[in-house]
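Q: Below you will find the structure I want to go over with you.
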Amino acid sequence: MPADTSTDSPGFLVRAAHPGDIDGLTKLINLPGFRHGTLRLPHQTFETVRKWLEAPSVGGLHLVAVEAGTVIAQGSLTRYAGRRSHAASIGMGVHDAHCGKGVGSALMKELIDAADNWLDIRRLELTVFSDNAPAIALYRTFGFETEGEHKAFAFRAGEYVDALAMARVRK
């Protein structure tokens with residue numbers, strides 16, 4: 001198991017994801033509320049999650065929040081290459097039963113700290129469904145601004161939904 005370079009928060013721990021988390025991550029991403037805010041299809045397999053976890057981008061990061069041994073959230077940073085090496089995308093999600101309890105804020109804090117203080121990433125970007133008001137509020141709290149809107153961005157639960165393109169640019 002990797003060295004624990006985790007951050008404690010009330011009731012949960014934020015740390016690097018490791019292979020022992022694959023089962024918990026698989027359960028997490030298959031929750032209806034979690035999946036609703038992502039581009040993931042229903043019924044993700046253990047093998048699909050294993051491959052994703054084992055193939056982070058160069059300079060990328062996979063984090064989990066764990067409470068009492070259960071994975072309750074996931075966050076990742078994917079660094080771009082070449083002329084976009086100053087930029088990275090962020091993706092994250094929180095267990096249906098743990099939304100609104102500071103877990104997303106703790107993950108975002110760790111991802112931004114890594115981007116700003118360890119990877120020298122100037123631009124962080126993300127895409128969020130336009131109807132996900134709690135996530136949009138969280139991102140704005142951390143300095144993300146809306147740069148545009150993608151109409152009919154994705155097909156979800158039988159209909160097309162819009163998404164916002166948001167970014168945080170460190171001066």
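Q: Tabulate in residue order the Karplus-calculated ³J(HN,Hα) for segment 97-106, using 6.51 cos²θ - 1.76 cosθ + 1.60 with θ = phi - 60°, rounded to whole Hz; enter x for Gly and Pro.
A: Each residue's phi maps through the Karplus curve to give 7, 10, 5, x, 10, x, 5, x, 5, 5 Hz.
Q: So what is the accessible area of segment 1-134 per residue, in Å², with the probe set to 1.4 Å? Write down the numbers at each step before the final one.
A: Values: 7050 Å² over 134 residues.
So segment 1-134 comes to 53 Å² accessible per residue, rounded to a whole number.
Q: Rounded to the nearest percent, how much of the accessible area of the chain (1.4 Å probe, protein heavy atoms only) is carbon and sulfur?
A: So the carbon and sulfur contribution to the accessible surface is 56 percent.
Q: Here is a further query. Dividing the alpha-carbon radius of gyration of segment 9-101 by 2.2 N^0.38 Å (N being the number of residues), what value is obtained?
A: Rg over 2.2 N^0.38 Å, computed on Cα atoms: 1.09.
Q: Given axes a ≥ b ≥ c from the Cα gyration tensor, I'd like to know whether segment 76-171 is rounded (a/c under 1.5), prolate (a/b larger than b/c) or oblate.
A: oblate
Q: How big is the dipole moment of segment 1-130 about its Cα centre under a simple scheme where the beta carbon of each Lys and Arg is +1, that of each Asp and Glu is -1, and everything else is neutral? Debye, nearest 20, please.
A: In total the dipole reaches around 480 debye.
Q: A follow-up question, please. Calculate the translational D of the chain in whole µm² s⁻¹ from Stokes-Einstein, where the hydrodynamic radius comes from the Kirkwood formula applied to all Cα pairs, the temperature is 4 °C and the viscosity 1.567 mPa s.
A: Diffusion coefficient, whole number: 79 µm²/s.
Q: If you don't mind, another one. Sequence-distant or interchain residues sharing an amide H contact under 5 Å with Ser57, placed H: which?
A: The list, which skips near neighbours in sequence, is Arg79.
Q: Right, something else. For Glu145 and Ala81, what does the FRET efficiency come to when R0 = 30 Å and r is the distance between their Cβ atoms, rounded to the nearest 0.05?
A: The computed FRET efficiency comes out at 0.80.
The values are calculated or read from the model by the stated rules, or taken from the named source; none is laboratory data. Small disclaimer: the values here were computed from a predicted structure and weren't measured. We place every Cβ from the backbone using ideal geometry, glycine too, and count neighbours over all the protein chains shown. Only protein heavy atoms, including side chains, enter the accessible area calculation; ligands, DNA and RNA are left aside. Shrake-Rupley method; radii C 1.70, N 1.55, O 1.52, S 1.80 Å.
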